[in-house]
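Everything on this sheet refers to the single structure shown next.
The values are calculated or read from the model by the stated rules, or taken from the named source; none is laboratory data. Predicted, not measured: the structure shown is a model, and the values here were computed from it. Here the Cβ positions follow ideal geometry from the backbone for every residue, glycine too, while neighbour counts run over all protein chains shown. Ligands, DNA and RNA are excluded from the accessible area calculation, which covers all protein heavy atoms including side chains. Shrake-Rupley method; radii C 1.70, N 1.55, O 1.52, S 1.80 Å.
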Amino acid sequence: MSSLAVRKAPSTAGATGTARSRPPLRGRIAPVPTLTLLLGAVYCLLPVAWVVIASTKSGSELFSTFTFLPGSGFTDNIADLDAYRDGIYWQWMANSGLYAVLGALLSTGVSAFSGYALATYRFRGRETMFNVLLAGVLMPPIILAIPQYLLMAKADLTDSYWSVLLPQILSPYGVYLSRIYAAAAVPGDVVEAGRMDGASEWRIFTRIALPMMIPGMVTVFLFQFVAIWNNFLLPYIMLSDDERFPLTLGLFTLLEQGANTPALYTLVITGAFLAVIPLVALFLVIQRFWSLDLLSGAVKS
């Protein structure tokens, strides 16, 4: 036995030496994902940096100075934007806030209830319904735009706030995320314990399941808010009164007028910069929920 151990020792030492001389795999491939992430960050942030810098330039500086050289006309651009058509830009921003906040809240509520039902209850056709929802996730929104317009026209709701809000309430992607999160975050034993204690299904959902699903629902709310805030095609088809336009459609009309009036280009750029600020602020406020969820998971483990 001792001779066998002695014979095996050199091979072990040799393997150890080989392992020490070989560079770790993680160190060799780290630069590749890092470089990829850096390129992606530059690709995403470069247009934002251009908008921020261009919004500080006056009409004469916009086309005559270096692209990334700040200008001196930011306050004048804000004043001109505020004075344009008696401040209609702020009406557009209020409309975008109404569409995004109310639409995201309604969509999150529908997604939470639907996802919880698909994850908790067993009924005939459940998987078929879920597969139909997955098909809706894969379907481009432009395919549904014309049928939605025809439905709104049939109900005499076109050119109204409801024509933009109602199609946003049901989000197949939100329902999909809610079902996946509910299946992982809401234990079946907790639901059964609530039933044994005599709680109704609605009470179990609102008092037990929904608090467990809050981090996932915050994610659904953020996705829906950003999607509705940036939505252009649906308001473009549904609305004709510019006082109901969201920011995307309002800035588009300004951009079209800028072809004949180049001075409006500064208003478009400044308006685009101001339109990004609510999204950044929302992300900074909401990210605390994700941090709290990660912290609570670490404490539980």
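Details
- Mean accessible surface per residue for the range 145-301, computed with a 1.4 Å probe while every protein chain stays in place, in Å²: 54
- Dipole-positive endmost among Leu239, Phe74, Leu165 within the chain (Cβ charges, Cα centre): Leu165
- Viscosity 0.692 mPa s, temperature 37 °C, Stokes-Einstein D of the range 205-257 from Kirkwood C-alpha radius, µm²/s: 247
- Rounded to the nearest 10 Å², the accessible area of Leu264 at probe 1.4 Å: 20
- Helix 31-54 and the longest principal axis of the Cα set of the chain meet at an angle near 20°.
- Cβ charges +1 (Lys, Arg) and -1 (Asp, Glu), total dipole of the chain, debye: 2180
- Solvent-free Debye scattering, log10 I(q)/I(0), computed from the Cα coordinates of the chain at q = 0.08 Å⁻¹: -0.56
- Built from the Cα atoms of the range 114-153, the convex hull projects on average onto 3.7 nm², one quarter of its surface area.
- Amide H partners (placed H, <5 Å) of Gly73, local residues excluded: Lys57, Ser58
- Summary of the geometry: the range 101-180 and the range 61-86, compared by the centres of their Cα atoms, lie 40 Å apart.
- Degrees separating the helix 141-154 axis from the principal Cα axis of the chain, which is the longest one: 50
- Nearest-ten-degree value, helix 74-83 long axis tilted from longest Cα axis of the chain: 60
- With all pairs of different C-alpha atoms in the average, the Kirkwood value for the hydrodynamic radius of the range 72-140 is 16.0 Å.
- Rounded to the nearest 10 square angstrom, Met139 shows an accessible area of 80 square angstrom against a 1.4 Å probe.
- Assigned charges on the beta-carbon of Lys, Arg, Asp, Glu; the range 161-215 dipole about Cα centre (debye): 140
- Lys/Arg +1, Asp/Glu -1 at C-beta; the range 68-214 dipole; positive extreme among Tyr149, Ser200, Ala100: Ser200
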